[in-house]
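Accompanying notes for the structure given below.
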Amino acid sequence: MKTIEQILQVHKLRHTDCRIEVLKTFIRKMYALSHSDLEDALGKKFDRVTLYRTLKTFSEKGVIHKVLDDEGTPKYALCSAHCTIVHSHNHVHFKCESCGHTQCIEELSIPTMQLPLGFKAKEANLLIQGLCNRCNTL
């Protein structure tokens, strides 16, 4: 896992208090977070607009990627180290029915599908629901 300093440096981003705190939160939580999850975790340290802009910048620069789950609220997950070489998120996401956390399963790729003539895929998402490894042992 790269350090916060390395992540910001690789993506050519300035070191701001908000960026550092948001990255710390993603690293500590280890699962996808929504804007409101970050607000709850960070308290009143940063206003909504600053958090929104930080998420937007991180997404545009490839620091985080959008994760879709069944709630409809956009969530974001920290990109893995190999994303800086080839920015791809063609992996499975898993949502735990017990704790509600959604996480990336990097070991499983979404298979390539042949679309009908005239269709062009932009992105693919696959969400598996069940019990995560932590909740499954309780």
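The values are calculated or read from the model by the stated rules, or taken from the named source; none is laboratory data. Note that the coordinates shown come from a computational prediction; the quantities given were computed from them, not determined experimentally. Virtual Cβ from ideal backbone geometry, glycine too; neighbours counted across all protein chains shown. Heads up: the accessible areas ignore ligands, DNA and RNA and are worked out on the full protein's heavy atoms, side chains in. Shrake-Rupley method; radii C 1.70, N 1.55, O 1.52, S 1.80 Å.
In this structure, is residue 45 farther than 27 Å from residue 24 by Cβ and basic (Lys, Arg)?
On the way: farther than 27 Å from residue 24 by Cβ: no; basic (Lys, Arg): yes.
When the stated conditions are applied, residue 45 does not pass them.
Out of 44, 61, 56, report the one residue that is out of contact with any helix residue (DSSP H, G or I) (no Cβ under 9 Å at 6 or more places or on another chain) and at pLDDT 95 or above.
Working: 44 fails: at pLDDT 95 or above; 61 fails: at pLDDT 95 or above.
The unique qualifying residue is 56.
Residues checked against (1) touching a residue at least 24 places away in the same chain (Cβ under 8 Å); (2) open to solvent by 40 Å² or more (accessible area, probe 1.4 Å):
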site	(1), (2)
63	yes, no
66	no, yes
90	yes, yes
99	yes, yes
103	yes, yes
133	no, yes
